[in-house]
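These notes are about the structure you will find just below.
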Amino acid sequence: MTSDRAGAEDTAPLTNIDRLIHEPARFTIMAHLYVVQSADFIFIMRQTGLTWGNLSSHLSKLEAAGYVAIEKEFLGKKPHTMLRLTDQGRAAFDQYRHDMRQALDGLPE
Amino acid sequence: MTQDVDLKQIEREAWTAYFHDGLTDLYGGFILLGLGLSMLTDQTWWLALMLVGTAALWARKRITYPRMGHVRFSPQREATTKRSRLIAGIAVAGTLVLGVVLFALVWTNALPPWLEAWMKDYFLVAFAVMVGVVIALGAYLARVARFYAYAVLVFAAFAVSQWLNTDAGLSVSVAAGLIVLSGLVVLVRFLRKCPRPKQGGPGDQR
């Protein structure tokens, strides 16, 4: 029983990991949006190497979770769609990095 | 994919993304080519090639942005960019002013004799160092490795001309031609790697 509790405590940092961000493609999208203020769909597609459909699908999930905001704006006279991490998304990404670091640091060499 | 992704590296890659189109290379290359050919032929109309260089940079709006997309960097990065541009502007202006002042001093015999003799003997080397340093500074600010090669190439063009006592216009034109060629190769690779997204594709939903 005690060893079960100890085991549960050991894996606690792992169970706290945000699974939405943990998916590699979504993690890459979040990381690329984290380092800029905003970027459009094409820029993120080029930087991440994801296909259009794949990126679109992952962005929809991140948008639904409130991590990514999709905003229409004008570049000159043309309407343009920019993507940016919301404050919630930025905080979630910071937390994810913290949790991952904690989980991985706890592992023996 | 590793989870210990280097965010600084990602930001650096995003920052240098627009230099992968070769247009900056063409801009600098054509400006230098105009300068070199006008020196070589004593025909100032070659300087019109500088307009071609400027057009290449202007073409970024039509060539690069539709293929590469748009990005807005963080306010900190924007501030760094402004500072970098200011430093680059000061370096270019400083080099120009220094060049003009040195030329005027040599022209009016206002320099001490030993310095005047040195300047006459090594004017091109001094100029090569100044231009090379400005291009290397640009490479450092842009974080693009091949720009360092251009700095070395341009320095070598002037320096070789000085040491071999050949026409500087020729070596500068050759160096500029190589930069233009490199820019064209980078541009073609960019166009192949990043085709323009088709109209009516799934991206139109976004």
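Where a number appears in this text, it was derived from the coordinates with a stated rule and is not lab data. Predicted, not measured: the structure shown is a model, and the values here were computed from it. We place every Cβ from the backbone using ideal geometry, glycine too, and count neighbours over all the protein chains shown.
I'd like the orientation of helix B:168-193 relative to chain B: the angle between its Cα long axis and the longest Cα principal axis, in ° from 0 to 90, rounded to 10. The angle comes out near 0 degrees.
The slack between B:Val152 and B:Arg83, meaning 0.36 nm per residue of separation minus the straight C-alpha distance, is 22.4 nm.
Annotation: the residues B:Tyr18, A:Tyr96, sorted from fewest to most other C-beta atoms within 10 Å of their own C-beta, follow the order B:Tyr18, A:Tyr96.
Here the simple spin-label model places points 7 Å from the Cα toward Cβ, and for B:Arg12 and B:Lys120 these points are separated by 4.8 nm. Label sites at B:Val92 and B:Val188, each approximated as a point 7 angstrom past Cα along Cα to Cβ, lie 2.8 nm apart. Across all directions, the average projected area of the convex hull around the alpha carbons of chain A is 8.7 nm². Each eigenvalue of the Cα gyration tensor of the protein assembly as shown, multiplied by 5 and square-rooted, gives one semi-axis; in descending order these are 50, 24, 16 Å.
Entry note, chain A: relative contact order of 31 percent, from Cα contacts under 8 Å with a spacing of 6+ residues. B:Trp58 to B:Arg143: FRET efficiency via 1/(1 + (r/R0)^6), r the Cβ-Cβ distance, R0 22 Å, to the nearest 0.05? About 0.45, to the nearest 0.05. Distance between the pseudo-spin-label points of B:Ala104 and B:Thr41 (7 Å out from Cα toward the beta carbon): 3.2 nm. Among A:Leu20, A:Tyr34, A:Ala92, whose Cα lies farthest out toward the positive end of the dipole of chain A, if unit charges sit on the beta carbon of Lys, Arg (+1) and Asp, Glu (-1)? The one lying farthest along the dipole's positive direction is A:Tyr34. Taking K and R as +1 and D and E as -1, what net charge do the other residues with C-beta under 14 Å from the C-beta of B:Leu153 add up to? Neighbourhood net charge equals 0. Rounded to the nearest 10 degrees, the angle from helix B:75-107 to the longest Cα principal axis of chain B is 20 degrees.
The phi torsions of the range A:28-41, fed into the Karplus equation with coefficients 6.51, -1.76 and 1.60 and a -60° offset, translate into couplings of 5, 4, 4, 5, 5, 6, 5, 8, 10, 7, 7, 8, 8, 4 Hz, rounded to whole numbers, with Gly and Pro shown as x. Placing +1 on each Lys and Arg Cβ and -1 on each Asp and Glu Cβ, with no other charges, gives chain B a dipole about its Cα centre of roughly 1080 debye.
Computed per residue of chain B from DSSP H runs no shorter than four, each worth -39500 (n - 2.57), the mean residue ellipticity at 222 nm is -26000 deg cm²/dmol. The Cβ shell under 15 Å around B:Leu35 holds other residues with a net charge of -2, Lys and Arg each +1, Asp and Glu each -1. Here the Debye sum runs over all C-alpha atoms of chain B as equal scatterers in vacuum, and log10 of I(q)/I(0) at q = 0.09, 0.10, 0.13 Å⁻¹ comes out as -0.45, -0.54, -0.84.
With contacts taken as Cα pairs under 8 Å and at least 6 residues apart, chain B reaches a relative contact order of 34 percent.
Lys and Arg at +1, Asp and Glu at -1: add these up for the other residues within a Cβ distance under 10 Å of A:Ala31 and post the number. In short, 0.
Diffusion coefficient (Stokes-Einstein, Kirkwood radius over C-alpha pairs, 20 °C, 1.002 mPa s) for the range B:110-206: 133 µm²/s, rounded to a whole number.
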